[in-house]
Amino acid sequence: MKRNDIILIIAILVFAFGTIVFFNLTKSEGDKVVITIDGKPYKTLDLNTDTTLNIEGEDGEYNLLVIENGVASMKDASCPDLICVHQSDIHFDNETIVCLPNKVVVEIESSESNEIDGIVN
Amino acid sequence: MSSKKTATYGLLIALAFIFSYVESLVPIPLPIPGMKLGLANIVVLIALYVLGSKQAFGLSVLRIVLVGLTFGSLFSMIYSLAGGILSCIAMILCKKTKLFSIVGVSIVGGVTHNIGQIIAAILIVENRGIAYYLPVLLVTGAVTGLLIGMLGAEITKRLTVKLNINNHKCN
Ligand SMILES: [Zn+2]
């Protein structure tokens, strides 16, 4: 390895770490669950109300979304990879669960974040 | 290309094919569905150092198309193309600068591989929230690149001796 390789590794780590710190400092709890299919709005739910929603696509595909105790997670899906089901629970602002085969995106949003943009709590 | 090089090229394509197949069998819980670690990058890296830029790029494209047609879906192919082509070009350019060793070039390949995939994911699902996973994927890419680079350095050293190629330096 050359000295430049080490510098490169350090630069990547510093950048990644900096981004993580930035995201964590600006991270806040969300309160809305926004569901889109293929980029189009499907439904918006309240993160603080326990509920179960079967997200149904046009061709019979489905994703079973469960909101419980202030976190959202995918419990079942018709996609072949089931990666969305294995993704961890989400509750922070901007966190997402993505099901690529079904083009379903579940994103946490905060009703405050639009008004007080950039303010860290 | 000499016949030895041509044989090596064929062997590398076969290897890349096997690596991609193994990778498609073992789903790695990366935060973005459909993403791959890019283990097949080692073959592209070796091709770049033993055979040359053109061969490495050709192998990169050939591998993605072959694998996509054989056991991929449209999505996995778009991901592979975005990640594979971007990382291959980045590695070629990076090697040309002569600033880095094979390990550094491989790290750049690993990182850009993930950046390419993240861009594809943002475009496919039209959701910029995915960029949230960038730091994790940068580190994953750097670590994968580092390991592949160290392994690739060893293999390249041996292959170069075997093939009697004197015009390439690996360090
Ligand atoms: Zn899914």
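Pairwise inverse Cα distances across the stretch A:32-109, averaged and inverted, put the Kirkwood hydrodynamic radius at 12.1 Å.
Annotation: amide H of A:PHE92 within the under-5 Å range of A:GLY30, sequence separation 5 or more or interchain, hydrogens built in the peptide plane. Listed cross-link partners A:LYS40/A:LYS103; B:LYS4/B:LYS98; B:LYS36/B:LYS157 are compared with a 18 Å cut-off, the Cα-Cα value being larger for B:LYS4/B:LYS98; B:LYS36/B:LYS157. Computed over protein heavy atoms with a 1.4 Å probe, the carbon and sulfur contribution to the accessible area of chain A reaches 55%. Computed from Cα positions, the angle between helix B:134-163 and the longest principal axis of chain B comes to roughly 20 degrees.
Positive contributions from Lys and Arg (+1) and negative ones from Asp and Glu (-1), summed over other residues with Cβ under 14 Å from the Cβ of B:GLY145, come out at +1. Label-to-label distance for B:THR97 and B:SER2 is 3.2 nm, based on points extended 7 Å past Cα in the beta-carbon direction. Spin-label model, B:LYS162/A:LYS40: points 7 Å from Cα along the beta carbon direction are separated by 5.5 nm.
Short-range pairs are left out: with C-alpha atoms under 8 Å and at least six residues apart, the relative contact order of the stretch A:32-109 is 29 percent. On association of chains B and A, roughly 2600 Å² of accessible area becomes buried (total for both chains; probe 1.4 Å). Suppose the chain between B:LEU151 and B:LEU25 were pulled fully straight at 0.36 nm per residue; how much longer would it get relative to their current alpha carbon spacing? Length gained between B:LEU151 and B:LEU25: 43.1 nm.
The angle between the Cα long axis of helix A:3-25 and the main principal axis of chain A comes to about 40°, on a 0 to 90 degree scale. Charged neighbours of A:ASP31, selected by a Cβ distance under 11 Å, balance to -4 (K, R count +1; D, E count -1).
Counts of other chain beta carbons within 10 angstrom of each beta carbon in peptide A:91-104 average 4.
Taking 17 Å as the straight-line reach from the Cα of A:LYS2, the aspartates and glutamates in range (excluding those fewer than 8 positions away in the same chain) are B:GLU154.
The values are calculated or read from the model by the stated rules, or taken from the named source; none is laboratory data. In this text, all values refer to a predicted model and were calculated from it rather than measured experimentally. In this analysis, Cβ positions are derived from the backbone assuming ideal geometry, glycine residues included, and neighbour counts consider all displayed protein chains. Calculation scope for accessible area: heavy atoms of the full protein, side chains included, ligands and nucleic acids excluded. Shrake-Rupley method; radii C 1.70, N 1.55, O 1.52, S 1.80 Å.
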